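All remarks here apply to the structure that follows.
All of the numbers you see were taken from the coordinates with simple rules; none came from a lab. What you see is a predicted model, and the numbers here were worked out from it, not measured in a lab. Cβ placement follows ideal geometry from the backbone for every residue including glycine, while neighbour counts extend to all protein chains displayed.
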Amino acid sequence: MPVLPELDLERYRLHAEVCKVLTDPKRLMLIDALRSGEHTVGELAEEIGVALPNASQHLAVLRGAGLVEGRRVSTTVVYRLAEPGIIEACDVIHRIVGRRMAARAVAAGPMVGVAATRLLTTVIYEGAGRVKAAGGSMGSSGMPPGPWPQHQGRVSSDQSSIR
């Protein structure tokens, strides 16, 4: 059995570290929220519907992994993506998940199939994030507002484990 060179092993180890950081849904939501540019921790907490200390903890993990960075503006810290390419990686996974969710919904029956059709028209995107299926909403730039669902309002206690 061939042995991987030390450099390849290190590359896979670092790859696994980044993927480990992305296993929390709230961290994925933070990355999605930062796709539009810089935000304060308060803005991010409100956008994804979590308490400020919780958003801070997740941002610290993302910062430790080198995926986000913060800069101080007076007494406030403003966060942004340190590795904007992570959006593309997340978008690829999001499209895969969207297709799987739609397929499961169609298999579940006609009532759920309507939801699957709606999901397909708003979630499936081509390479640059353009809506592939008819019926998806487009932003003023001619691009969709983002391939991930917008996170509005607080997460209720019974949904906190899935967000």
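Brief remarks on what is shown
- Using θ = phi - 60° in the Karplus curve 6.51 cos²θ - 1.76 cosθ + 1.60, the 3J(HN,Hα) couplings for the stretch 61-67 round to 5, 5, 5, x, 7, x, 8 Hz; x is entered for Gly and Pro.
- For T40, the residues whose modelled amide H falls within less than 5 Å of its own, excluding neighbours fewer than 5 places apart on the same chain, are Y79.
- Ordering of 58-65, 98-105, 15-22, 43-50 by burial proxy (mean other Cβ atoms within 10 Å per residue, highest first): 43-50, 58-65, 98-105, 15-22
- Label-to-label distance, nm, for residues given as E17 and E38 (7 Å Cα→Cβ offset): 2.7
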